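Derivation of every value follows stated rules applied to the coordinates shown; laboratory data play no part. On a predicted model such as this, the values are computed, not experimentally measured, just so you know. Positions of Cβ are backbone-derived with ideal geometry, glycine not excepted, and every protein chain shown enters the neighbour counts.
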Amino acid sequence: MSDLVLDVRQLQVQFQTEAQVNIAVNQIDFQLERGKTLGIVGESGSGKSVTSLALMGLVPKPGRVAAGEILFKSEPDGEALDLESLPEWERRTYRGGKIAMIFQEPMSSLNPVYNVDFQLTEAILLHQNISKAEARKQAIARLEEVQLFPEVMERYPHELSGGQLQRVMIAMAIASNPTLLIADEPTTALDVTVQAKILQLLRDLSQARQMSLIFITHDLGVIAELVDDVAVMYRGKIVEQGDIKDIFKNPQHPYTKGLLACRPRLDQKLVLLPTVADFMTVEEIPETQEISIQERSPDENLQAQVSLEEDKARLESLVAQQPLLSIQHLQVGYRKRGVLGMGSYNMAVNDVTFDLYPGETLGLVGESGCGKSTLARAILRLMQPLGGDILFRGENIAKLPARSKRLRQLRREMQIVFQNPYNSLNPRMAIGRAIAEPMVIHNIKRDKKKRLERVQYLLERVGLNPDWVNRYPHELSGGQRQRVCIARALAIEPQFIICDESVSALDVSVQAQVLNLLKELQSEFQLTYIFISHDLSVVKFMSDRIIVMNKGKIEEMGAAEQIYRDPQQDYTRQLISAIPKGF
C-alpha cells in the first residue's frame, strides 16, 4: 500500500429483512492516496452514504458488511490493517480519531441542549489524554482554523447559521488530526456563497494537514475544483472512476453523461433540461426516475435552446398585460425580544415593490436570511405585513382581515410548494387524500367519485402512477413526494403558485425532472410562478425576470439573461461567481 491511506476491495454491504436481501453496495473497489481527495458521486439510493458508513463501521442494522476488505494505513510507515477484521473496541480507536466524518445535516448531528464549547471539548477529550483547559484551548484553535471567532464557543446550535454549523462540525472532525476525513453531502441545501466557502475551507485544510478526503455528493459540478479523482456510483456499483478532469471532459458511462447534463447551465437556456433517463435505456433507468411527461429524444432535448430574441419577445408580451400581482412598499418585521412599542422591529422585508404578470415566472434569489421566504408568506397572507399593499388582480389583500371570507376565497387562486416535501405532507394521510384535502376545504367537486378522478388525473399529470392514491409519503422518494406536493397545489386550479426552495434539497437529476414538470404544467394550466431559490443557475433556467434580494431589500431586478450577463451590483456578481461551473 506504499502511500495509500485507503484500499477498498470487493466491498459488499447488504440489508437483510424477512422478505429479501437488498444489496446496497455491490463489490466495489477504490483507492485513496495520502493527502489526495476522492469524490463519490451518485443519486440518493446509489449506495454512496452506505459506503461511507461501512468505512466508519457504522452500518445500521439490519445492514452488515457481507464481503470485502477495508485496508487502512494511518501512518506513512505503518502497517495496513483490515478494519473489518478488528474487534469493535479496537475499531473505536480509529473511528473519530484516525477516520473522522462530517454528516449531511449538522443540526441533527449536534445536541441542541449543549453549547459548542461542551460538544467540541468533549470530542477532543474522547480521543486525547489531556486536561479540560488544554482541550478548550485546542477547541478555540480549531474554530479559528475553520474561520470562526472564539465567541462561538458559548453559543448553542440554534443560534448559528447553516454555514456556521457546518464549520463547527468540520472543527469537531479535525480536532483529533485524522488521517482520513469523510464529508457526506456537507453543502446540500446551503447557499451557493456559503457552499463555496465550505469547499474552499476543506481544500485548504486537506492541503495544510496532508489529510486525505472523501467528498460525497449528488452533484458533479460541486466537486469539480475540489477533488483529484471521482467514482460515480449507480445502484450500488461504481460505473466509472478516474481523474476528475477526464470524467468531466470525456464521460464514458450514460449515467455519468446524464448527471453532467441535467444541471442548469448559465451560458445557455434550454426549453427543457436533460435528465438521466434521456441518456439511458429503459432497463437502465433508476427506479426513482419517472419518464418525462413530454416524450422527446436526447438530441432534441439537448438542442432545444431558447434564443435571446425569443426570450425578449416573450418578456415584452408578458409585461404588456395588466399585473396579476402588484407589491407596493411592502414591509414585514419581527418584534425585537423584550422590547415593546412601535418601531422596535427587525425588518425582514423592507420597502419591497414589484409587479408580477399573468403567465410569468419571477425568480427570487438571495442568501438565507435575505427575506425571500418571509416575502412569500406575506404575499399569501400567512404573515401579517407591517405596511404596504398587496394587490391581487387589483384587490388589496393586505387590508383584508385574517379570517375574512373574501381572503379565504382568494386563497383558492394562490398556492405554495414548500422546500421540504416530507414535512409538507401528513405522514398518516395517504397521498390521494392529501391531494383531495384542498378540494374538501373549498367545497370543490363534492362527489367523491369526481374528486377521486381529479386526484388520479393530477397524479398522472405530475408523472406518478394514478393507482398510488393509497400510498403513504414514506413509500415515495424525495422527488416523488415533491410531485405530490405540486399535485396538491394544483388541486383547486390556482392561478398563482409560489415555489419556495422547492428543489434545493433534491438530487440534480430529480431536480431537473421537477423543474421540467413545473414548466410543462405552467404551459398547460397558464400558471404564474414566483420561484424562490439561492441557486442563480436554477432561477435563470426557470425565470423570465429575476429579483435579487439582500438584507430585506431588492438589490437588483431585471430580465433573467440581463442579470446574468450584465449584473449591476457587486452582490449579484458575488452570487454568480459562487456557482460551481465545472471545467
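The table for this structure:
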item: C-alpha long axis of helix 448-461 to longest principal axis of the chain, angle in °; result: 60 degrees
item: Per-selection metrics, region 151-293 (Cα): Rg and Dmax in Å; result: 17.8, 55
item: Percentage relative contact order, the chain, counting C-alpha pairs under 8 Å, at least six apart; result: 15 percent
item: For the chain, size of Cβ-based charge dipole, Lys and Arg +1, Asp and Glu -1, in debye; result: 2700 debye
item: Residue 426 paired with residue 457, simple spin-label distance in nm, labels 7 Å along Cα-to-beta-carbon; result: 2.4 nm
item: Unit charges at the beta carbon, dipole of the chain: most positive-side option, 183, 421, 66; result: 421
item: Assigned charges on the beta-carbon of Lys, Arg, Asp, Glu; region 112-175 dipole about Cα centre (debye); result: 100 debye
item: Angle between the chain longest axis and helix 508-525 axis [Cα atoms, degrees, rounded to 10]; result: 10 degrees
item: Kirkwood Rh and Cα Rg combined as Rg/Rh, region 189-230; result: 0.95
item: Which of 188, 17, 37 has the fewest Cβ neighbours within 10 Å, and the rest in rising order; result: 17, 188, 37
item: Gained length - residue 23 relative to residue 345, 0.36 nm times residue gap less alpha-carbon distance; result: 110.5 nm
item: Backbone HN-Hα couplings from phi across region 259-276 [Karplus 6.51/-1.76/1.60, Hz, Gly and Pro as x]; result: 4, 6, 7, 7, 7, x, 9, 8, 8, 8, 10, 8, 5, 9, 7, x, 10, 4
item: Descending principal axes extents, the chain, alpha-carbon based, whole Å; result: 75, 61, 48
item: Computed over region 112-175, Kirkwood Rh from alpha-carbon pairs, angstrom; result: 11.4 Å
item: For peptides 193-203, 252-262, sequence by mean Cβ density within 10 Å, most packed first; result: 252-262, 193-203
item: Lysines whose Cα lies under 26 Å from that of residue 137, excluding same-chain neighbours fewer than 8 positions away; result: 98, 197
item: Rounded to 10°, Cα long-axis angle of helix 162-174 versus longest principal axis of the chain; result: 10 degrees
item: Exposure proxy ranking, count of Cβ atoms within 10 Å, fewest first, for 347, 233, 414; result: 347, 414, 233
item: Global form of region 363-494, assessed from the alpha-carbon gyration tensor, a/c cut-off 1.5; result: oblate
item: Mean Cβ count within 10 Å, highest first, over the residues of peptides 371-377, 46-52, 22-28; result: 46-52, 371-377, 22-28
item: Likely footprinting exposure, 577, 509, 108, 326, fewest C-beta neighbours within 10 Å first; result: 108, 577, 326, 509
item: Ellipticity estimate at 222 nm from DSSP helix runs (n ≥ 4, -39,500 (n - 2.57)) divided over the chain, nearest 500; result: -10000 deg cm²/dmol
item: Signed unit charges on C-beta, dipole axis of the chain, positive-most listed residue 313, 53, 253; result: 313
